[in-house]
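K.L.:
Questions regarding the structure given below will be posed in turn.
The values are calculated or read from the model by the stated rules, or taken from the named source; none is laboratory data. A quick note: this is a predicted structure, and the numbers were derived from the prediction, not measured. We place every Cβ from the backbone using ideal geometry, glycine too, and count neighbours over all the protein chains shown.
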Amino acid sequence: MNPRWEDNTALADDDCLVAVLQRSVGPNFPSQEGEWLSRKPLQVTVAGLYDLVWRYPVSRIAQAIGVSDQGLKKCLKKHGIPSPPRGYWTKVDLGKEAEVTPLGLDEEQAASLVQLPISTSGGHRISQTKKERSEVARELPQITVEENFECVHPIVAVWLKEAGHVVWELRGEEGIPEDPFSLSETDDFRLRVTSTFLKVVEACGARVLTSHISGRFEIEVGDTKLIVKICQKMSDQRKNGMDLSGWTLWPEHHGHWLFPTNDLKFYVRGAGIGNGIHPTQFVYSIREVTDGGLRKFVACVLAAPSAKKRREEERLKARRASLEISANNRTKEHSEARDAERWELFKKHATKWDEKQKVLTFIEALKRVSTLSAAEYDGKSLDKWLEWAEERAQDDDPTKRLEDIFKTRDEF
């Protein structure tokens, strides 16, 4: 079983895209997850960014460099870089010829550097790992999609009642039309899958907080709140020979310019600010859903608490590392400041020693001529005053107090 697209895991395994980005952006491109908070701004040439957006979808590039789709699109627009129009990648996937819009800039403009936007939230979201999902999947029983609505989940039963569709539990109740209509195959399969999903996650301890007939739920797994969607995968390209008459009872849930693909889209993300669960999307065909796709999505939903716990542990670890670095930096700065003060005091001691040598030399010169004068100063002879001066000079000799030469002011 191979999903058509897994938004969350495809980039982690897309070594080709990472290699292209590393060649385009240079050595500053992060090689490990979690480097976005401390990385330097990334730069790439206009021509290099143009080549990237025509080789890979903007959403994939944005996720790889840790920014939002809109942030990258604004950057492209600012620098006049055209991006693929809607439907371009669908044509590429189908092997059809798709027109490429030329860059339209001269060589100097194409060689100019573009600073890629920096994510302000990438460090607060974390993706589930395959290991976390597989650990949950091992504990899950075999999941089989319900064949009918005889034992449908109460939430889906309410939807069916509102739509006028009779299920066995509701037969004969007031308000049910005498000539009930049948669901389309698309709605029938989606609702049976949804009912099965809700029963399994509730059996595993999850709680459904809110629900909408479009397939959007708010689910609480442990202490983690999630937004979950199970809906029809839509496309702006109509499949050949597909009958669109009455394909769903709720066409208002989809854009009027979109067409169904007969595939189901499964989506989950963290609910609210700070929940931090990175959006994950799967697209499965009917066969892939029944062959294990639904089980894989259930595992993805139930693994959210472990991913959140890992995120909190990693954030705590990063916080501790940051505090340790800050403490080391403060210690280093304090040590450097003390060394600078010690050096200034050492130079003052050297200056004192040099002055002492000059004073002693001056005293020796005065001794040689002192015999020529018998004058007294303040009751003392010149010889006595020279002895006094020599004693003062010796007292100021820093070499007599070697233990104090390398002391700082606060150590005295």
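K.L.:
What do you reckon, is PRO41 at pLDDT below 85, closer than 26 Å to LEU105 by Cα and part of a loop (DSSP other than H, G, I, E, B)?
P.N.:
In short, yes.
K.L.:
Taking the condition surrounded by 15 or more Cβ atoms within 10 Å (Cβ to Cβ), of a type outside the set (S, T, N, Q) and in contact with a helix residue (DSSP H, G or I) (Cβ under 7 Å, 6 or more places away or on another chain), does PRO305 pass?
P.N.:
no
K.L.:
Taking the conditions exactly as written (outside the structural domain of THR90 (by TED's automatic domain parsing), among the acidic types (Asp, Glu) and at pLDDT below 75), does ASP236 satisfy them or not?
P.N.:
no
K.L.:
Another one. May I ask you to verify whether GLN128 is modelled with pLDDT under 85 and either more than 14 Å from the chain's Cα centre (by Cα) or within 21 Å of PHE282 (Cα to Cα) (or both)?
P.N.:
So GLN128 fits the description; yes.
K.L.:
Across the range 248-271, what is the total count of residues that are part of a strand (DSSP E or B) and of a type in the set (Phe, Trp, Tyr)?
P.N.:
3
K.L.:
Further question on the same structure: Quick one: how many residues across the range 329-338 are surrounded by 11 or more Cβ atoms within 10 Å (Cβ to Cβ) and either among the acidic types (Asp, Glu) or in contact (Cβ under 8 Å) with a residue 60 or more places away in the chain (or both)?
P.N.:
Count: 1.
K.L.:
When the residues of the range 131-177 are filtered to those that are closer than 30 Å to ASP291 by Cβ and among the basic types (Lys, Arg), which remaining residue is modelled with the highest pLDDT?
P.N.:
Once the filter is applied, the top-ranked residue is ARG138.
K.L.:
Please state which one of GLU341, GLU390, GLU364 is part of a helix (DSSP H, G or I), over 60 Å from the mean Cα position of the chain (by Cα) and touching a residue at least 12 places away in the same chain (Cβ under 8 Å).
P.N.:
After applying the criteria, what remains is GLU390.
K.L.:
Just to verify a result, which residue in the range 59-99, among those that are outside any loop (DSSP other than H, G, I, E, B) and aliphatic (A, V, I, L, M), is nearest to MET234 (Cα to Cα)?
P.N.:
This residue is VAL92.
K.L.:
Let me ask something else about it. Being in contact (Cβ under 8 Å) with a residue 40 or more places away in the chain and out of contact with any helix residue (DSSP H, G or I) (no Cβ under 7 Å at 6 or more places or on another chain) is the filter here; which residues of the range 72-90 pass it?
P.N.:
LYS74, CYS75, ARG86, GLY87, THR90
K.L.:
I'm trying to understand the selection: among the residues of the range 276-289, which are in a helix (DSSP H, G or I) and surrounded by 18 or more Cβ atoms within 10 Å (Cβ to Cβ)?
P.N.:
Residues satisfying the conditions are GLU288, VAL289.
K.L.:
Restricting to the range 346-361, give me the number of residues that are surrounded by 13 or more Cβ atoms within 10 Å (Cβ to Cβ) and over 13 Å from ARG392 (Cα atoms).
P.N.:
Selection size over the range 346-361: 2.
K.L.:
Something else: Among (1) surrounded by fewer than 15 Cβ atoms within 10 Å (Cβ to Cβ); (2) among the hydrophobic types (A, V, I, L, M, F, W, C); (3) at pLDDT 90 or above, which single condition is PHE181 missing?
P.N.:
(3)
K.L.:
Based on this model, can you work out whether LYS296 counts as among the basic types (Lys, Arg), buried (at least 16 other Cβ atoms within 10 Å of the Cβ) and assigned by TED's automatic domain parsing to the domain that holds THR186?
P.N.:
Against the criterion (among the basic types (Lys, Arg), buried (at least 16 other Cβ atoms within 10 Å of the Cβ) and assigned by TED's automatic domain parsing to the domain that holds THR186), LYS296 qualifies.
K.L.:
Output the number of the condition that ALA304 fails; it satisfies all remaining conditions of (1) under 16 Å from THR196 (Cβ atoms); (2) in contact with a Leu (Cβ under 6 Å, 6 or more places away or on another chain).
P.N.:
Going through (1) under 16 Å from THR196 (Cβ atoms); (2) in contact with a Leu (Cβ under 6 Å, 6 or more places away or on another chain) one by one, ALA304 breaks only (1).
K.L.:
May I ask you to list pairs of residues, at least six apart or on different chains, whose Cβ atoms are under 8 Å apart, with the first in the range 276-299 being at positive phi and touching a residue at least 24 places away in the same chain (Cβ under 8 Å) and the second being part of a helix (DSSP H, G or I) and not charged (D, E, K, R)?
P.N.:
Pairs that qualify, where the first residue is at positive phi and touching a residue at least 24 places away in the same chain (Cβ under 8 Å) and the partner is part of a helix (DSSP H, G or I) and not charged (D, E, K, R), are GLY276/HIS124.
K.L.:
Looking for something surrounded by fewer than 16 Cβ atoms within 10 Å (Cβ to Cβ) and assigned to a strand (DSSP E or B) - is there at least one such residue anywhere in the range 184-203?
P.N.:
no
K.L.:
Do we have TYR56 as among the aromatic types (Phe, Trp, Tyr) and part of a loop (DSSP other than H, G, I, E, B) here?
P.N.:
Spelling it out, TYR56 is indeed among the aromatic types (Phe, Trp, Tyr) and part of a loop (DSSP other than H, G, I, E, B).
K.L.:
Still on this structure, I have one more. Would you check if ASP378 is more than 18 Å from the chain's Cα centre (by Cα) and in the same structural domain as GLU132 (by TED's automatic domain parsing)?
P.N.:
It is false that ASP378 is more than 18 Å from the chain's Cα centre (by Cα) and in the same structural domain as GLU132 (by TED's automatic domain parsing).
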